[in-house]
Amino acid sequence: MEPLHRFQTGDELRDALLGFLRGFGVSHFTLTQLPQPRERLGPHMTLAHWPQAWLADYDRNRYERRAGRLPEVAHGLHG
């Protein structure tokens, strides 16, 4: 992967990171801050290649509050 300073946009960084992660079998990812208890996850996503249906599922079921990072791994393995 290229040094970070070479990327001029978030899209360039996202695409490069996705290309790198695909080498490990990862097809989707998101980098987020955890929302406050009554907030949605979406506005806290800083960088993502993530299906809209997964985001709706996360918002509906509040997975980030229940299991930390485990749902991301489960989606990556089964989704």
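The figures follow:
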| read-out | value |
| --- | --- |
| Single residue of region 19-56 satisfying the filter (among the hydrophobic types (A, V, I, L, M, F, W, C) and in a helix (DSSP H, G or I)) that is surrounded by the most Cβ atoms within 10 Å (Cβ to Cβ) | Trp54 |
| Subset of region 2-18 [exposed (fewer than 12 other Cβ atoms within 10 Å of the Cβ), in contact (Cβ under 8 Å) with a residue 12 or more places away in the chain and over 18 Å from Leu55 (Cβ atoms)] | Glu2 |
| Among (1) modelled with pLDDT of 85 or more; (2) closer than 23 Å to His5 by Cα, the one test that Thr32 misses | (1) |
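The values are calculated or read from the model by the stated rules, or taken from the named source; none is laboratory data. In this text the structure is predicted, and so the values were computed from the model without any measurement. Glycine also receives a Cβ, built like all others from the backbone with ideal geometry; neighbour counts cover every protein chain displayed.
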